[in-house]
Amino acid sequence: MFMSVIQKRRSIRRYQKRALPPDQVNQLVEAALRAPSSMGTNPWEFIVVTDPKVLGQLSRAKPHGATFLKDAPLGIVVCANPEKSQVWIEDCAIAAIFIHLAAQAQGLGSCWIQIRERMHDETRSAEAYVAEILGIPDPVKVEAIVAAGYPEEEKPPHPRETLPYEKVYEGTYGAPFRPWA
Ligand SMILES: Cc1cc2nc3c(=O)[nH]c(=O)nc-3n(C[C@H](O)[C@H](O)[C@H](O)COP(=O)(O)O)c2cc1C
């Protein structure tokens, strides 16, 4: 079951114009809260956004790669307090991927939108822009937004032959790993 979710997983950026029932949103949130974190510190925090006006504002967080959020019924903003963990970035990334995979498992489409280290414009970070819209206080940092909704596009799974097995070594660096040898 889980491998099938992984095998079919794609980033989906076009969504049907219908709201997600609360149960589906709840499952995505539960998935995030079940993510592992270093030493169990759970430094992350999440903001569930369904207001189309706010999603529209967030879709302008950066010039590229976020526009589709304006047409999504849901965005989950993944942030964390760096004072709670030195490895909050890893913890946030894992939680975001849990949301992404839980969406796939529920027949939803979703896509990661990178916010950390991205610029809104020449003078302002995407993070500062998002923080102002959502009232995120210092020192909380924004890692990403995961957009989700019923898929309006279909993407084929990546064929196994295209997986970059040449990046996998066996025993020592550079020694080829032969998955089916
Ligand atoms: C760390 C990270 C940041 C990403 N940032 C964005 C983004 O800002 N906008 C976007 O549309 N997709 C983003 N993506 C999705 C990737 O573009 C996508 O995973 C990649 O193109 C492979 O496509 P697939 O997920 O369908 O296999 C991001 C993915 C990751 C893991």
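The values are calculated or read from the model by the stated rules, or taken from the named source; none is laboratory data. Bear in mind the structure is a predicted one, so any value in this text is a computation, not a measurement. Neighbour counts run over all protein chains shown; Cβ positions are idealised from the backbone, glycine included.
Brief remarks follow.
- Test for Ile89: is it buried (at least 18 other Cβ atoms within 10 Å of the Cβ), within 11 Å of the ligand (Cβ to nearest atom) and more than 8 Å from the chain's Cα centre (by Cα): no
- Number of the condition not met by Ile145 [criteria: (1) out of contact with any strand residue (DSSP E or B) (no Cβ under 7 Å at 6 or more places or on another chain); (2) modelled with pLDDT of 95 or more]: (1)
- Candidates are the residues of the range 118-174 that are of a type in the set (D, E, K, R), buried (at least 19 other Cβ atoms within 10 Å of the Cβ) and within 12 Å of the ligand (Cβ to nearest atom); the one that is nearest to Ala105 (Cα to Cα) is Glu143.
- Within the range 48-86, the set of residues being under 20 Å from Arg18 (Cβ atoms), among the small types (Gly, Ala, Ser) and surrounded by 16 or more Cβ atoms within 10 Å (Cβ to Cβ) comprises Ser59, Ala72, Gly75.
- Looking across the range 104-117, the residues that are more than 12 Å from the ligand (Cβ to nearest atom) and either in a helix (DSSP H, G or I) or buried (at least 16 other Cβ atoms within 10 Å of the Cβ) (or both) come down to Ala105, Gln106, Leu108.
- Residues (within 13 Å of the ligand (Cβ to nearest atom), among the aliphatic types (A, V, I, L, M) and part of a helix (DSSP H, G or I)) located in the range 24-83: Leu58, Leu69
- Among the candidates Arg178, Arg124, Arg118, the residue that is in contact with a helix residue (DSSP H, G or I) (Cβ under 7 Å, 6 or more places away or on another chain) and free of Cβ contacts under 8 Å to residues at least 60 places away in the same chain is uniquely Arg118.
- Residue within the range 112-124 that is out of contact with any strand residue (DSSP E or B) (no Cβ under 9 Å at 6 or more places or on another chain) and under 28 Å from Lys84 (Cα atoms) present: yes
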